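Just so it is clear, none of the values below were taken in a lab; they were calculated from the coordinates. Only a predicted model underlies this, so the values are computations on that prediction, with no experimental measurement involved. So basically every Cβ, Gly included, is an ideal-geometry build from the backbone, and we count neighbours across all protein chains shown.
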C-alpha cells in the first residue's frame, strides 16, 4: 500500500487537481461526467486510509457523520427519486462523498501541493469567468445590469429581465443565458483569493503574487463590469477579515469579541430562520405573528411575503407546507417534497428543505458549523503557507455566505434545469476544501503546543513564504509517511 | 511532473480559447410595448431590411398551392400531419416531440440560433396559440406602417408606409433540390406557414368572430440580388388571397388561421438562398353588423414554420 502511494502519489495528486478544475468550471456542461471522474479519482485514494492516525479516524467519523446523513437524505430523497434517474441519484450520492474524502486523503500526501492545486483551480475559474465576461460585454456592454435596469430582452420567445442574466460558456457550443447569481458566485469565489494576497510578499514571491492577483482580478472585474454589488459586499467582508488576521494582533479581547459576535450572529440567524419558517406557512396558524410583523416597517419589508420571504413562501407553500398534506405535508417537510415550484427559494438552506426535508437541513447545518469550527482551527494551526490557508477559508466562507442568500437552483434561465446544491460544481470544490482543511480540537491543541507562536501572528515579510512553509512543516509535524516508516522499522 | 502540469495548463488554456470562436452573438430586442420613448431607446436592434434596397417580385398563388387554415382540404390533402395534435399547445417540452404540432415543428428545434432573434423569436418558440398569455406570445402588426410623431409623442399610422414586418435569418435557408411526394412523411413540414388570428376594437366584439375579416397575406422571402451583394435584395412576395381571419372573441384553436404555401412552389421561383422573410397584408373585407363599426384591425402572428431545408 505504502509503495503504491509512494509510487503513484504525485500522479494521483496531479490527477485530482485536474478533476477539481474540471468539476469547478463544469466544462461542456457535463457535470455528471466530471463527478464520476471525481469518484474514480477518489477510488485511487482509498489506500491513503492507512495513513490516517487512529485518533484521527474517530474525529473524522464524528466530523463526517452529519455530512453523510445530509448526502444520504438528499440523494435518496423523495424529490430525487421522483424526478431523477438511478444514475443521477448515485452520482449525487457518491459525488460529494468522493470530494470530501479526496480532500481528507490528499492532506496526508506530502507530494500534494495545495498551492499548485489552487493555481490550477483559480486558473481554470479565471479562464471560464473571463471568457464569459468578454461574451457578456460584447453583447450587452459594460455595466449593463445598472444601465439597463428594469429593461427586457427576448430569447426563444421568453421575456427576460436583462439585469437578472449573464452569459456563460460552460457549454461548448454556445453562450448560455444564466441567472446573474450563478455568474456572481463564480466571480466571487474567484475574487476571494485577492484578500489572501496580503499574506504573500510581492518582493519574495512575485510570480505567485502576480498569478493570484490576475486570477482574482478577473473575478473582481466581472463583478465590477456587471456590476454586482451583493458579491462585492461579501468580498469586502472577506477583505476586512483578512486585514484583521494580518494586522491586528490576536489577543484575548479580540478573540472574545469574535466569539461573542459569532454567537450573536448564530442566534440571530436561528431566530430569523424560525420566523421565516413560521411566516412561510399559509393558513391561520401564524396569523398573530404576521400581524405583529406587519406593524413594523423593517420586519414587514423582510417577511410577510415581501422581498426575501416571498420566494421561500411560494416554494414552501407549494411543496411541503406543514399543514398542507396534499402536497407532502409533514412527510414532505421532514423528508422533502416530490416536486419543485419552478424556481428556487434563493437560498440553499430552503432549497435543501424543499428537496430533501428538515432532517437533511439539520444535518447540513450541523456539518457547516463543524466545518467552520474546523476551518477556524485550520487557519490558526494548520500546516502550509498562510495565504493558501486564507484562500481556502475565504473560498468556502464566501461561497456559503453568498449562496445562503442568493443561490439559484435553476440557474439556466431558458432551459429551466434544476441544479441541486449538493452536486453544484462549486459546492463539491467547497466540500473538497473542507475535507482538506479538517482540523479537530485535540489535533489543534497538539499543534498549538508544538507551535509556540500561532502562524497568524507572524509578520509575512519577516520570513519568505517558502522558507516559512518549510519551517512550519518541519516544526509542526513530522510527516505521517515518516512516522509510519519509523513504526514499520521498529516492528522489524 | 512539472512538464505535465505545464502541458495541462497550456491545453486547458488553448481549449478555453478555442471556445471563444464558437460563441455566437446575440441580437436581442429590447422592446417595451407601452412607451414610445422606450422603443426609441432600443439597445439591441433587430436585424431587418429597413435600411436595405430591394425589388419586389409578386407571385400570386393559385388555389391548391396554398392552404387557408387547418380546415382547408388542401392542407389535409398535402400533409399527413393528423398524427400530430394541432389542438393542444405544449410548446417546447421534449416529451411532446412527435405528438404535438407546436413542439414538433418549431424552428428552434432544428436551428437553435433562431432563439436569438429578439422579440421575433416568439414566432419560432413552438407556442402556436395565445392560451391566455396574450401579448407575451404574439407579434402584432398592422396593414400600414407607423411613424413617430414628436408633437403627440406617439406612433401614428401612415397609409403611405408599408405595414407588417421583416427580418434577416440568423442563417441562410437553402431549399432542397426536390421535395418528397405527398405520401412521404417528410412532406409534413414542406411548407412556409404562419398561425394567425385577428384583433379589433369594437363595442360588440362577437362581430369579428362570427363573421371573419378577409385579407390577402403576403409571405415575403428575401434573396440576395447577386452573390456579392450585401445591401441589395430581391423580395419574392407570395400572395395568399382571401384568408379568413377571426378577431377578438374566443380562443378556439381550430379557429386560428394556419395559412401557408408549399415549398415546391417557392422552389420553382427561387433558386438562391433565402436570407430573410416578412409578413404583411391587405385588408379585403371588414365584417359589419347593424350599429357596429369595426375601425381597427391588426394581425396577431403566433408561429411561423419553414420547410425542411438546409441552413448555412
Completion exercise
Counting all Cα-Cα pairs in region B:198-274, those more than 16 Å apart amount in percent to 61 percent
Exercise for the section: Compute the distance in nm between two label points, each set 7 Å from the Cα along the Cα-to-Cβ direction, one at residue B:135 and one at residue A:229. Expected result: 2.9 nm
Handout entry: Principal axis box of region A:40-140, alpha-carbon based, largest edge first, Å
Key = 56, 43, 21
Practice task
Using the number of other C-beta atoms within 10 angstrom as an exposure proxy, rank A:295, B:121 with the fewest first.
Solution key: A:295, B:121
Problem - Residue exposure sequence - A:298, A:426, A:188 - by fewest surrounding Cβ within 10 Å - result: A:298, A:426, A:188
Exercise for the section: Take every residue in peptide B:115-125, count the Cβ atoms of other chains within 10 Å of its Cβ, and give the average of those counts. Expected result: 4
Practice task
Please order A:210, B:304, B:147, A:23 by the number of other Cβ within 10 Å, starting at the fewest.
Solution key: B:147, A:210, B:304, A:23
Fill in the blank from the handout: Averaged over residues of A:153-166, the number of beta carbons from other chains lying within 10 Å of each residue's Cβ is 6
Exercise for the section: Please give the peptides B:53-64, A:108-119 ranked by average Cβ packing (other Cβ atoms within 10 Å per residue), highest first, as a rough proxy for protection. Expected result: A:108-119, B:53-64
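Shielding of A:116-125 by partners, i.e. mean partner chain Cβ atoms within 10 Å per residue?
On the way: counts 3, 0, 0, 2, 4, 0, 0, 5, 5, 0.
Per residue, the number of nearby Cβ atoms from other chains is 2 on average.
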Completion exercise
For A:43-50, A:218-225, ranked highest to lowest by mean beta-carbon neighbours within 10 Å, the order is A:218-225, A:43-50
Fill in the blank from the handout: Here FRET efficiency (C-beta to C-beta, residue A:257 to residue B:230, R₀ 60 Å, nearest 0.05) is 0.30
Handout entry: Packing rank of B:262-270, A:412-420, A:96-104, where each peptide gets the mean count of other beta carbons within 10 Å, highest leading
Key = A:96-104, B:262-270, A:412-420
Practice task
Calculate, in whole percent, how much of the Cα-Cα pair population of region A:122-227 lies beyond 20 Å.
Solution key: 42 percent
Problem - Ellipsoid semi-axes in whole angstrom, largest first, where each is sqrt(5λ) of the Cα gyration tensor of region A:59-116 - result: 28, 14, 6
